[in-house]
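Participant: Sharing a structure with you now.
The values are calculated or read from the model by the stated rules, or taken from the named source; none is laboratory data. Fair warning: this is a prediction, and the values are worked out from it, not measured in the lab. Every residue, glycine as well, gets a Cβ built from its backbone with ideal geometry; the counts of neighbours run over all protein chains shown. The protein model used for the area step is the full one, side chains on, heavy atoms only, and it has no ligands, DNA or RNA in it. Shrake-Rupley method; radii C 1.70, N 1.55, O 1.52, S 1.80 Å.
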Amino acid sequence: MCERPNVNIQVFPMSGVPVAGSFALLTLPKGDRGAYTEGFSTGSYTEDRTEVLQFQRVYDLLQQDALSVRASLELMRAIAKEHDD
């Protein structure tokens with residue numbers, strides 16, 4: 001998966017600030033942006049510009065604290081090697 005040119009995987013450290021649930025930022029073919037959030041028993045989609053920008057800010061902060069793409073790949077390979085028995 002990480003060999004694909006349109007996929008970047010970054011590992012978030014266990015010491016990072018936890019985020020409840022998950023979200024995805026989407027850019028649609030015509031350029032419209034949306035955000036999909038998912039919790040334990042619910043999911044929600046919005047194209048409201050203010051809400052999408054809030055999720056973008058959260059994403060940007062999380063990405064700043066994550067390992068780089070290269071460091072994440074090295075970590076994943078090291079862990080895979082440890083468990084490759």
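Participant: Go through segment 60-81 residue by residue and tally those that are open to solvent by less than 100 Å² (accessible area, probe 1.4 Å) and within 16 Å of Pro13 (Cβ to Cβ). Quick ask: steps written out before the conclusion?
Facilitator: To start, the set of residues in segment 60-81 that are open to solvent by less than 100 Å² (accessible area, probe 1.4 Å) comprises 60, 62-63, 65-69, 71-73, 75-76, 78-80.
Remaining after also requiring within 16 Å of Pro13 (Cβ to Cβ): 62-63, 65-69, 71-73, 75-76, 78-79.
Count: 14.
Participant: Okay, moving on. Provide a single number: the residues in segment 10-35 that are open to solvent by 60 Å² or more (accessible area, probe 1.4 Å), over 12 Å from the mean Cα position of the chain (by Cα) and within 25 Å of Met76 (Cβ to Cβ).
Facilitator: Residues flagged as open to solvent by 60 Å² or more (accessible area, probe 1.4 Å), over 12 Å from the mean Cα position of the chain (by Cα) and within 25 Å of Met76 (Cβ to Cβ) within segment 10-35 amount to 5.
Participant: Give all pairs with beta carbons closer than 7 Å in which a residue from segment 15-30 that is at positive phi meets a residue that is in a loop (DSSP other than H, G, I, E, B); count only pairs at least 6 apart in sequence or on separate chains.
Facilitator: Listed by first residue and then by second, the contacts come to Gly21/Gly39.
Participant: Are any residues in segment 36-51 farther than 23 Å from Ile9 by Cβ and surrounded by 13 or more Cβ atoms within 10 Å (Cβ to Cβ), and if so, which ones?
Facilitator: Those that are farther than 23 Å from Ile9 by Cβ and surrounded by 13 or more Cβ atoms within 10 Å (Cβ to Cβ): Thr46, Glu51.
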